[in-house]
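Nothing in this text is a laboratory measurement; each read-out follows from the coordinates by a stated rule. What you see is a predicted model, and the numbers here were worked out from it, not measured in a lab. All Cβ positions, glycine included, derive from the backbone under ideal geometry; neighbour counts span all protein chains shown.
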Amino acid sequence: MVISVNFPHNEQLGDTILAWMNIPTRFSNGIQLVGMAGLFLFLVSFYLLYNSLGKYRGRMLILTFILAGSIPPFLIETYQKTAATGIYAVSYEKESSSCDFELADKTTLHGNCDLSFENLSNKDVTFLIEFKEHFSFDGYASVTLMNKQGPYSVKLKAKEHRNMKIKGYIDVSDEEKHINNGTTHNPDIKIIAGDKFRNL
């Protein structure tokens, strides 16, 4: 459960640790090292749990399976609501966020992003937003084009939930490839406060 936790960044903790140790997290054939290790540990732990119990083996395995999936998100949210400060208390609702693009003319792209945030702490939080490219439309730049007018400043009051709208007309005359029209769902972003940052 620990290596699969995706906090403080969107990447799993296991990926972050391996990257820090300069160990590749993914192989060329698509196998993810952290995922395989997590699956192996999960199966071994189930086997050991099953052998260590005399009664209620089936019930305990089902309960453990449910807890393994629900405890990490619960612990992260509890930490953000109680002990986390600054950007670590900010929840980015990626599934509710999107960016729309429309070509205004040959050299100008109109970008319109709706991003959903919640400050889970009891103190105001101020941070900057940068966009990151998770995938591209056939190699075409999309959400990172919004960085030409960024970074964007956000201030969330204590316990505030807000849908933030970012709009801009972007000069794409120097871009070889860029999106002309389309929507990017679940855009990846980076939030920054001083020397601290989170990739979400």
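In table form, for the structure just shown:
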quantity	calculated
Criterion: free of Cβ contacts under 8 Å to residues at least 60 places away in the same chain, under 24 Å from the mean Cα position of the chain (by Cα) and surrounded by 15 or more Cβ atoms within 10 Å (Cβ to Cβ) - qualifying residue of Ala37, Ala89, Ala83	Ala89
Test result for Asn119, in contact with a helix residue (DSSP H, G or I) (Cβ under 7 Å, 6 or more places away or on another chain) and either surrounded by 15 or more Cβ atoms within 10 Å (Cβ to Cβ) or aliphatic (A, V, I, L, M) (or both)	yes
Output for region 70-108, where each listed residue is closer than 30 Å to Ser173 by Cβ and either touching a Leu at 6+ places or on another chain (Cβ under 8 Å) or polar (S, T, N, Q) (or both)	Ser97, Ser98, Phe101, Glu102, Leu103, Thr107, Thr108
